[in-house]
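For reference, the structure discussed in these notes is given below.
The values are calculated or read from the model by the stated rules, or taken from the named source; none is laboratory data. Predicted, not measured: the structure shown is a model, and the values here were computed from it. Here Cβ is always computed from backbone atoms with ideal geometry, including for glycine, and neighbour counts include all displayed protein chains. What goes into the accessible areas is simple: the full protein's heavy atoms, side chains included, and nothing from ligands, DNA or RNA. Shrake-Rupley method; radii C 1.70, N 1.55, O 1.52, S 1.80 Å.
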Amino acid sequence: MATRAAEQCEEARRTAARLVAEGARNVAMTWVDNAGITRVKAIPAQRLADAVTRGVGAAPVFDVFTSDDTITASDHLGGPDGDLRLFPDLGRLTTLAGQPGWAWAPADRYEQLGAPHPACQRLFARRMAERATAAGLEVRMGFETEWVVTRVPERRPSAAPEAYEELDYPCAGPAYGMTRIVELSDYLRDVTEALALQDIDVLQLHPEYAPGQFEVSTAPGDPVRAADDAVLVRETVRAVSARHGLRASFAPSVVAGQVGNGCHLHLGLYRDGRSLHRAPDAAWGLAPDATAFLGGVLNTLPALLALGCPSPASYLRLQPSHWAGIYQCWGVENREAALRLITGAPDDPDGGHAEVKPFDAAANPYLAVGGVLAAGLHGIDTAARLPAPQSGDPGHLGVRERARRGIVRLPATLTEAADRLEKSAPLREAMGEVLHGAVLAVRRAEEAHFADHGPEEIAAATRWRW
Ligand code: GLU
Ligand code: MG
């Protein structure tokens, strides 16, 4: 143990020297709280070896912060006492291309005596990834990042209420139109260049449906890495936007009533290096374990919404016929099903995977991947099944026809989703009492905070939070 610490310290020293030589002055160490906000402690690059061996102090109270920075409490957490240690993951240390002079590393949180902090979301995601490995399963995950870009206003009259903030889009081209790429080609090149310099493997970049909206998707891989990538991609887009005099909103509902920003989670299942989405002679190519895993995810979706759609603003986005997947059903390449099976090209051995549509970027990505892994593994343990797939938009069916097909709507409010999370035995067990309780406390506080707000006010108050 002592030798390992000494080796780590030596590696950190070498890394720190390299960072300083490359011009990095500071390392931003991030973790994401239960309200989905990326919080940070920065250290001078030459202190990295210290941080790797001894950690950096951070208060446990961040676990009960809400998205508007008010502080609530759970049975286990809250109040001014105590301290945790943040340990930067050297394996993900990245020199930031969009912020010269800065490097970044995601952090794991431990108690002062060295035990894992029971509410550390990144350690939760890692525990669930290890559970999958122990079950002989490889799960490759990746997030799509959607954002809306606007010009930074020169000056907002201080008297103007936020709800009436006028958004000034730097592009006018139509949804998915090449015009938008022409209008913003320098900006978008800088986004992809910064991501490439940071070893993020971009799959696609394209304009999305809403005004000023774009999307970047990244290659699937290890679940914790996927959550780290989600943080890095978002902060990179934000940084490059700022350097172009622009501002990026990742909020679920940028303008109430319009199509919002999703943060869909893609997942592919493998055993012994072979895709479980390519079983010969099986319906849709799904091997029995893939069916059970996806069945577990589908069954748990109402509770998972409290992790993947954590803000009252999330429920402004979750509207029928907005490609947000608000019905608890699955479908083959169906963009209105909450769980979309993507078959891919038949000759692509890695082509098949699934997409969890309702999640958005207010979600803590570590909770999202950990929750989906827990739900899927519970599906395997209980031999869960998939009902018949749905085609077409369930929102276009009458209430009776939906009932006949057994399609129910996912929670339409945060309260409903939090109630489902509270009662979900598999998620409670997987998360542990302390994390589960802290997440619920934050959800209840968010509900109470926005109880008297109308949709425009909620969208305006949360537009620039994530
Ligand atoms: N922007 C849509 C959403 O809120 C998704 C569009 C797409 O299918 O990528 O989820
Ligand atoms: Mg999209």
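For segment 111-126, the condition of being in contact with a Phe, Trp or Tyr (Cβ under 8 Å, 6 or more places away or on another chain), closer than 30 Å to P426 by Cβ and open to solvent by 30 Å² or more (accessible area, probe 1.4 Å) holds for at least one residue. Scoring L269 on the criteria (1) under 20 Å from the mean Cα position of the chain (by Cα); (2) more than 16 Å from ligand 2 (Cβ to nearest atom); (3) open to solvent by 50 Å² or more (accessible area, probe 1.4 Å); (4) over 27 Å from R463 (Cα atoms) leaves a single failure, condition (3). Restricting attention to segment 302-329, the residues that are part of a helix (DSSP H, G or I) and within 15 Å of ligand 1 (Cβ to nearest atom) total 6. Out of the residues in segment 187-206 meeting the condition of being within 20 Å of the chain's Cα centre (by Cα) and within 16 Å of ligand 2 (Cβ to nearest atom), tell me which one is nearest to H244 (Cα to Cα). If we take residues in segment 187-206 being within 20 Å of the chain's Cα centre (by Cα) and within 16 Å of ligand 2 (Cβ to nearest atom), then V191 is nearest to H244 (Cα to Cα).
Checking each residue of segment 360-382 against the condition of being open to solvent by 20 Å² or more (accessible area, probe 1.4 Å), under 24 Å from A125 (Cβ atoms) and either within 16 Å of ligand 2 (Cβ to nearest atom) or touching a His at 6+ places or on another chain (Cβ under 9 Å) (or both) gives no match.
Of the residues screened, N334 is one that is within 16 Å of ligand 2 (Cβ to nearest atom) and not aliphatic (A, V, I, L, M).
So, in segment 419-437, exactly how many residues are under 24 Å from R465 (Cβ atoms) and under 18 Å from the mean Cα position of the chain (by Cα)? Residues meeting the conditions: 4.
Among the conditions (1) within 16 Å of ligand 1 (Cβ to nearest atom); (2) in contact with a Phe, Trp or Tyr (Cβ under 8 Å, 6 or more places away or on another chain); (3) farther than 29 Å from L96 by Cβ, the only one that L276 does not satisfy is (1).
With the condition kept exactly as written, say whether any residue in segment 71-88 is charged (D, E, K, R) and under 20 Å from the mean Cα position of the chain (by Cα). Spell out how you get there, then give the answer.
Of all residues in segment 71-88, those charged (D, E, K, R) come to 75, 81, 83, 85.
Still in the running and under 20 Å from the mean Cα position of the chain (by Cα): none.
No, segment 71-88 contains no residue that is charged (D, E, K, R) and under 20 Å from the mean Cα position of the chain (by Cα).
Of all the criteria given as (1) away from ligand 1 (no atom under 16 Å from the Cβ); (2) touching a residue at least 24 places away in the same chain (Cβ under 8 Å); (3) of a type in the set (A, V, I, L, M), the one not satisfied by V149 is (1).
Of the residues making up segment 21-69, those that are open to solvent by less than 30 Å² (accessible area, probe 1.4 Å) and part of a helix (DSSP H, G or I) are A45, L48, A49, A51, V52, P60, V61, D63, V64.
Evaluation of A160 against the conditions (1) over 27 Å from the mean Cα position of the chain (by Cα); (2) modelled with pLDDT of 95 or more; (3) aliphatic (A, V, I, L, M) shows that the sole unmet condition is (2). Among the numbered criteria (1) within 27 Å of V32 (Cα to Cα); (2) in contact with a Lys or Arg (Cβ under 8 Å, 6 or more places away or on another chain), which single criterion is violated by G351? With (1) within 27 Å of V32 (Cα to Cα); (2) in contact with a Lys or Arg (Cβ under 8 Å, 6 or more places away or on another chain) applied to G351, the lone miss is (1). Can you find even one residue in segment 129-137 that is over 30 Å from R335 (Cβ atoms), touching a residue at least 40 places away in the same chain (Cβ under 8 Å) and either open to solvent by less than 20 Å² (accessible area, probe 1.4 Å) or not in a loop (DSSP other than H, G, I, E, B) (or both)? Checking segment 129-137: at least one residue is over 30 Å from R335 (Cβ atoms), touching a residue at least 40 places away in the same chain (Cβ under 8 Å) and either open to solvent by less than 20 Å² (accessible area, probe 1.4 Å) or not in a loop (DSSP other than H, G, I, E, B) (or both).
Among the residues of segment 297-315, those that are of a type in the set (S, T, N, Q) and farther than 13 Å from A35 by Cβ comprise N299, T300. Exactly one residue out of R238, R234 is more than 16 Å from ligand 1 (Cβ to nearest atom) and either among the basic types (K, R) or over 20 Å from T94 (Cα atoms) (or both): that is R238. Among the conditions (1) away from ligand 2 (no atom under 16 Å from the Cβ); (2) of a type in the set (A, V, I, L, M, F, W, C); (3) farther than 21 Å from W464 by Cα; (4) assigned to a loop (DSSP other than H, G, I, E, B), the only one that L123 does not satisfy is (4).
Before we move on, is A279 closer than 26 Å to A219 by Cβ and either without any contact (Cβ under 8 Å) to a residue 40 or more places away in the chain or not in a strand (DSSP E or B) (or both)? It would help to see each step written out before you state the result.
Values: closer than 26 Å to A219 by Cβ: yes; either without any contact (Cβ under 8 Å) to a residue 40 or more places away in the chain or not in a strand (DSSP E or B) (or both): yes.
Here the answer is yes, as A279 does meet what is asked.
Of the strands (runs of 3 or more DSSP E) entirely within segment 149-263, those holding at least 1 residues that are buried (at least 21 other Cβ atoms within 10 Å of the Cβ) and of a type in the set (S, T, Y) occupy 213-218, 246-249. The single residue among V399, V372 that is at pLDDT 95 or above and not small (G, A, S) turns out to be V372. Scanning segment 70-91 for residues that are open to solvent by 30 Å² or more (accessible area, probe 1.4 Å) and of a type in the set (A, V, I, L, M) yields a count of 3.
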